[in-house]
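Participant: Have a look at this one.
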Amino acid sequence: MKLFNFVPLRVHCWGGLGSQLYALSVAFDLKLKFPKRRIKLVLHTGGVTKRLSELDFIHNIDFEIIQINDFQIKDKVDKNSIKLVKIKFKSLLIKILYFFNFIVSANSNTEFDNILPWTVSTRGHYFNREVSTHFYEYLLKHVRLYEKPLIQSQYEIAIHYRMGDLLTLTEKSISPANKIIDVVRKVQKEHNNLKIHVYSDSPQIAKETLFIAGLVGEFVVLDLPTIDVIRGCIGANYFIGTNSKVSLWIVNLRRFIGETDNNYLEGFDDKLYKKY
């Protein structure tokens, strides 16, 4: 199978930093699985919204990261018969490539194990695949958490309140502010005078929404690059996340460094907050 060492294995990804980290974990583990193969992480800007690479904080990697600018604003379906035939043919070809494991989804541990020496591409969300301990260690090193205390001296609640494209996308909903505040009040019963930091990509709307919903007292709303949001939230005493992959990464990283009790995350299905 040495012949396939000369053929790059491409890990395709669509989405923001949360999705990019899942794809990066796949590329990282593939490099361990096939040390002599060339691994390429291919980040697509195309999708429901345009997403650029947010992996600039990763340095000295031993595989290539490529960004493909394929974002297009969808307005109407092109019903040109020739193009429809091409689309159907391409769909059939992809199914054949999947059948022979030339392309693999890698969305779970089982699918990842199906990546064989002749596999040339993985395409998926990679969400249900178990992230390896080696990758958590690798990621934490690049996030550089160990350069500062992991837990602040002053008690702090960090809230990741993602809004952004959820304000315009009808198929996705924004986390209900009253559920977030319920968790804040529960935490405040254990500790008084907690400093509250809200990390949001729509700071003014987040501030108004939480205030109207009943978040009383002083709280600071911060609009930071996503990697800095992860840094800030991991270092807090309490974390409250929303239904986003970034929030899930924060919880998993906190648990990995031993902060296993003070994490609250909105359920992806039932919208109820649960302690992790």
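Participant: Hey, fewest Cβ within 10 Å first, where do S202, S25 land in order?
Facilitator: Fewest-to-most ranking of S202, S25: S202, S25.
Participant: May I ask which of K40/K179; K33/K86; K50/K95; K50/K88; K95/K245 have a Cα-Cα span longer than 30 Å here? The partial results should precede the final answer.
Facilitator: On the way: K40/K179 41 Å; K33/K86 35 Å; K50/K95 27 Å; K50/K88 26 Å; K95/K245 28 Å.
In this structure, K40/K179; K33/K86 lie more than 30 Å apart at Cα.
Participant: For S132, S200, what's the fewest-to-most ordering of other Cβ within 10 Å of each Cβ?
Facilitator: Exposure proxy ranking, most exposed first: S132, S200.
Participant: What ranking of T45, T209, T122 emerges when the number of other C-beta atoms within 10 Å of each C-beta is taken as an exposure proxy, fewest first?
Facilitator: Listed from fewest to most nearby Cβ atoms, that is T45, T209, T122.
Participant: To the nearest Å, what is the center-to-center distance of segment 113-144 and segment 218-238, using C-alpha atoms only?
Facilitator: When both Cα centres are located, 25 Å separates them.
Where a number appears in this text, it was derived from the coordinates with a stated rule and is not lab data. All figures in this text were calculated on a predicted structure; none of them were measured in a lab. Here the Cβ is made from the backbone with ideal geometry for all residues, glycine too, and neighbour counts use every protein chain on show.
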